[in-house]
Amino acid sequence: MHILPALPYTTDALQPVIDQATVEIHYGKHHQTYVNKLNELIAGTEFENKDLETIIKTAPKWPIFNNAAQIWNHTFYWENLQATTENNAPIGTLAAAIIAQRGDIETFQTTFTNSAIGNFGSGWTRLVQTPEGKLEIVNTSNAETPITTDKKPIITVDVREHAYYLDYQNRRAEYLAQIRSIINRSKAEDRFIK
């Protein structure tokens, strides 16, 4: 049986970028619903005792895959956030790699934000690392996840409206400008160097 992973902070820790009500609904309702639905769908099947990543990589599309992948996507999203930090920019070897590929951090942030703004409908915008070590900004839709590919996720931003609607209504660009300050750059650096 799968359980909702605990948040690595309190539900009010992301304010003022993401308010407590949004976290409580997004995490406590949306994320929890994926967990509940997955457990219901896999009961009595070959997936019942499988770990989440195995289910994602082997389950047929759609219902089981969708729910398992959305648990993984949301867990990754919550773990890649932290309390607001001023001047929050990539650090260490990740920053050096971004500068080598994009010229500077601001260019990367602008490109990432523009990609997320243009991500049509419900989905995720991610910074991933290819097997060759190259960094790419990719948009995915619905439950798509990089763990079904050979690309390693480093940072992700949820661009589905329930991630920001209470705080920003339809102003996705404003949400994306603000979320930079709560990306856990140390976690991103750890993912990059491992």
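Derivation of every value follows stated rules applied to the coordinates shown; laboratory data play no part. Predicted, not measured: the structure shown is a model, and the values here were computed from it. Note that we place each Cβ from the backbone using ideal geometry, even for glycine, and neighbour counts take in every protein chain shown.
Here is how the numbers come out for the structure above:
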| item | result |
| --- | --- |
| Local electrostatic count, residue 168, Cβ distance below 12 Å [Lys/Arg +1, Asp/Glu -1] | -2 |
| Taking the range 45-136 and dividing mean pair separation by its residue count, relative contact order in percent (alpha carbons under 8 Å, at least six apart) | 13 |
| Loop-resident sites, the range 82-145, for GluC sites (Glu not before Pro), counting at most 12 other Cβ within 10 Å (DSSP) | 86, 132 |
| Distant-in-sequence amide H partners of residue 81 (H built 1.01 Å from N, under 5 Å) | 184 |
| Sparse-neighbourhood loop sites, chymotrypsin sites (Phe, Trp or Tyr not before Pro) in the range 30-136 - DSSP loop, at most 11 other Cβ within 10 angstrom | 120 |
| Nitroxide proxy distance, nm - points 7 Å out along Cα→Cβ at residue 13 and residue 39 | 2.3 |
| Table column - 3J(HN,Hα) (Hz), the range 15-27, Karplus curve with 6.51, -1.76, 1.60, x for Gly and Pro | 5, x, 5, 10, 6, 4, 4, 5, 4, 4, 6, 5, 7 |
| Rounded if a/c under 1.5, otherwise prolate or oblate - the range 20-79, Cα gyration tensor axes | prolate |
| Residue 111 paired with residue 3, simple spin-label distance in nm, labels 7 Å along Cα-to-beta-carbon | 4.2 |
| Convex hull volume per residue in cubic angstrom - Cα atoms of the range 92-193 | 94 |
| Other-chain or far-sequence residues with amide H under 5 Å of residue 123's (modelled H) | 142, 159, 160 |
| For residue 38, net neighbour charge (Lys/Arg +1, Asp/Glu -1) across residues whose Cβ lies under 11 Å away | 0 |
| Difference of contour (0.36 nm per residue) and Cα-Cα distance, residue 51 to residue 20 | 8.2 nm |
| The range 13-70: trypsin sites (Lys or Arg not before Pro) in DSSP coil with no more than 13 other Cβ atoms inside 10 Å | 61 |
| Under 14 Å, Cβ to Cβ, from residue 148 - net charge with Lys/Arg +1 and Asp/Glu -1 | +2 |
| Pair residue 174, residue 79: separation of 7 Å Cα→Cβ label points (nm) | 3.2 |
| Computed log₁₀ I(q)/I(0) - Debye formula, equal Cα scatterers, no solvent, the chain, q 0.09, 0.10, 0.15, 0.16 Å⁻¹ | -0.33, -0.40, -0.92, -1.05 |
| Descending semi-axes in Å of the range 136-194, equivalent ellipsoid built from Cα gyration tensor | 23, 16, 8 |
